[in-house]
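The values are calculated or read from the model by the stated rules, or taken from the named source; none is laboratory data. Because the structure is predicted, anything quoted here is derived from the model rather than measured. Here the Cβ is made from the backbone with ideal geometry for all residues, glycine too, and neighbour counts use every protein chain on show. To get the accessible areas, we keep the full protein, side chains included, count just its heavy atoms, and leave off ligands, DNA and RNA. Shrake-Rupley method; radii C 1.70, N 1.55, O 1.52, S 1.80 Å.
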Amino acid sequence: MRIPKGRSFSFGVSLFSSPNPNPILEPLTFPFSSSSRILFNSSIFSSALSGQFPSRRKVNHCKGNKQHRSSIMMDAMGVDGKTLQLKGTNCGDIGQGPCIWSSPEGGQKIDIGKQIFCNRSLNMKNIVAVGFDMDYTLAQYKPETFESLAYEGTVRKLVYDLQYPSELLDWTFDWKYMVRGLVLDKKRGNILKMDRHKYVKVAYHGFREMSKEDKVATYRSTLTRDSFDEPDYALIDTLFSLAEAYLFAQLVDFKDKNPGKILADYSGMYKDVRAAVDLCHRDGTLKQMVAKDPRRYIREDTSIVPMIEMIKESGRATFLVTNSLWDYTNIVMNFLCGEKTVNSWSATNFDWLQYFDVVITGSAKPGFFHDENRANLFEVDPESGMLLNTDNGTPMPSVDTTLRLPSNIDKSCRVFQGGNVGHLHKLLSIESSSQVLYIGDHIYGDILHSKKALGWRTMLVVPELEREVELLWQLRDTRKQLQLLRNESDHIEDEIHHLKWSIRFDGVNDDNGEKILAELDKLKRQSEQVRLKHQRAQRECHRMFHKVWGQLMKTGHQNSRFAHQVERFACLYTSQVTNLSLYSPDKCYRPGEDFMPHEINILAL
């Protein structure tokens with residue numbers, strides 16, 4: 001049975017236009033008479049500003065708590081019948097007051113860095129359940145503290161548990177060096193960035209840049225194309241992997257400079273790094289530190305609660321599916337969604353559960369997305385962490401009756417561990433996989449499998465995107481100049497080929513031949529000048545995005561391998577999950593028109 005939708009919001013339609021896609025356009029103006037009044041439903045926005053969160057609700061209570069459904073009237077008084085200009089508002093900034101589409105400031109101009117980008121059409125009216133990953137999706141970790149903590153823990157495991165040289169303890173971590181989308185060549189100790197056709201464009205051996213000749217000799221001199229996949233390669237496709245990639249590069253450099261100090265080969269070193277990372281997670285080192293001081297490791301975002309509230313108010317179910325177990329999930333989510341004072345918060349408060357209908361911890365994604373996965377589903381008692389065996393979510397009788405869940409547990413949100421996607425569909429009464437939108441940060445663990453195996457609609461969170469698109473906008477004139485230089489280079493090369501053809505096949509006398517040769521030499525000098533100018537300009541543009549790896553979504557003039565994966569598997573992508581709150585919960589997202597190369601110069605606007 002399809003989940004019934006609750007009442008949608010009431011708005012003044014003339015005010016809430018679709019977001020302006022061009023951040024430099026002038027603010028929209030709306031004509032109002034002196035007696036005009038606009039009705040806003042400000043329940044969520046006002047409650048968030050006052051710091052009061054609604055009380056826990058039952059699953060089917062989608063219309064919101066009555067005490068938070070008050071409406072306010074805003075006068076739109078024009079002066080002598082003139083128009084009232086509404087200025088664009090930058091909404092959803094982390095660390096600032098929350099702003100959502102249904103607030104007076106919402107539904108207007110959205111900063112380009114916070115826009116949602118669409119690869120394939122998605123009509124939110126067809127979505128009955130919106131799901132979230134936790135780590136690096138709802139919970140944005142601070143790389144300067146969290147990844148450094150992971151790095152230091154891994155180094156200690158390598159030295160004390162795997163007998164690596166003690167010099168490693170003096171190493172430091174540059175959290176800005178590595179980026180997502182890279183590929184580690186385990187056998188050769190190389191770190192690669194490829195384009196969408198899997199051609200290696202940027203390559204480093206440890207921290208030493210490989211020459212063009214080395215790249216060609218290593219990766220283009222074989223008779224068969226390399227797939228660049230496991231087991232010989234490792235994909236850096238999540239922000240969790242940046243610290244281990246940096247440590248691997250350090251180990252490669254150390255091994256090359258200190259023969260005999262590390263006996264393992266490059267592939268063995270990577271295996272040891274992965275083992276050390278797993279040890280850090282198993283012994284609870286990372287989680288204990290985060291639990292002790294979440295503010296040090298997790299960014300606070302006051303827009304999360306208003307966003308989820310808005311989704312629930314629109315009549316949709318919400319769920320959380322995370323690989324983290326219940327104890328850690330509760331700490332992180334309570335920090336993000338629970339009530340906090342300036343200097344304190346409670347790790348034992350379960351009020352954040354009111355914002356979800358189902359929470360599944362220990363999901364073991366991506367295996368969770370396969371219905372044939374036979375993992376058992378256990379219900380979790382939030383207070384004790386005790387697991388109760390279930391049959392597709394229905395409690396099963398226990399031999400020892402003392403192990404039953406307390407009868408006073410509020411079932412407004414049920415918490416589970418394990419299971420598979422079939423259990424989730426049954427718990428939420430999902431009729432079709434296309435009715436689910438799932439939001440995550442891991443291109444393989446969250447997006448690829450949920451899209452390919454299930455047909456879920458997907459949204460990928462790419463925190464790096466915010467700075468990337470803002471730089472793209474700043475460098476738009478530079479990008480145009482690069483294209484003009486390419487066109488000029490192509491034109492000069494065509495002239496050179498024409499003259500060479502004339503010398504070879506046309507009858508020319510000595511005087512004419514000398515003129516042609518002189519012109520040919522001139523064109524060759526011009527071609528070299530343009531080539532060098534283009535190369536320098538492109539390198540400078542490349543370094544503006546990242547000093548080593550350049551633009552995340554590009555490799556030269558081609559989309560990067562990471563961008564290709566985003567395009568294939570993410571229906572939507574954006575920089576922060578809370579950007580969803582800046583759009584109508586019933587919005588129909590539409591992609592731009594696709595262009596073939598033969599169409600670009602003719603049809604592209």
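Some notes on this structure:
- Coupling constants for segment 160-169 follow from the phi torsions by the Karplus curve (6.51 cos²θ - 1.76 cosθ + 1.60, θ = phi - 60°), and in residue order they are 8, 9, 10, 6, 7, x, 5, 4, 4, 5 Hz; glycine and proline get x.
- Largest first, the residues His281, His564 sort by 1.4 Å accessible area into His281, His564.
- Based on alpha carbons, the Rg and Dmax found for segment 215-309 are 19.2, 59 Å.
- Summing Lys and Arg as +1 and Asp and Glu as -1 over all other residues whose Cβ lies under 14 Å from the Cβ of Ile496 gives a net charge of -2.
- Loop-located trypsin sites (Lys or Arg not before Pro) in segment 204-277 (DSSP state other than H, G, I, E, B) with a sparse environment of at most 14 neighbouring Cβ atoms within 10 Å: Arg220, Arg225, Lys261.
- List His534, His542, ordered by accessible area with a 1.4 Å probe, largest first: His542, His534
- Cα shape, segment 130-202, gyration tensor, a/c 1.5 rule: oblate
- Derived scalar couplings between HN and Hα for segment 484-489 equal 5, 5, 5, 4, 5, 4 Hz in order, rounded to whole Hz, by the Karplus curve 6.51 cos²θ - 1.76 cosθ + 1.60 (θ = phi - 60°), x for Gly and Pro.
- 3J(HN,Hα) along segment 235-242, derived from phi through the Karplus expression 6.51 cos²θ - 1.76 cosθ + 1.60 where θ = phi - 60°, amounts to 9, 8, 10, 9, 5, 5, 8, 5 Hz, with x in place of Gly and Pro.
- Net charge of Cβ neighbours under 15 Å - reference Phe562; Lys, Arg +1; Asp, Glu -1: 0
- Heavy-atom surface of segment 476-566, accessible at 1.4 Å and reported per residue (Å²): 67 Å²
- Amide H contacts under 5 Å for Thr555, placed H, 5+ residues apart: Ser560
- Ordering 518-525, 149-156, 552-559 by mean Cβ neighbour count within 10 Å, with the highest value first, yields 149-156, 552-559, 518-525.
- Each peptide among 310-322, 423-435, 108-120 gets the average number of other Cβ atoms lying within 10 Å of its residues, and from highest to lowest they stand as 310-322, 108-120, 423-435.
- Applying the criteria of a DSSP loop state and at most 13 other Cβ atoms within 10 Å to the trypsin sites (Lys or Arg not before Pro) of segment 429-509 yields no site.
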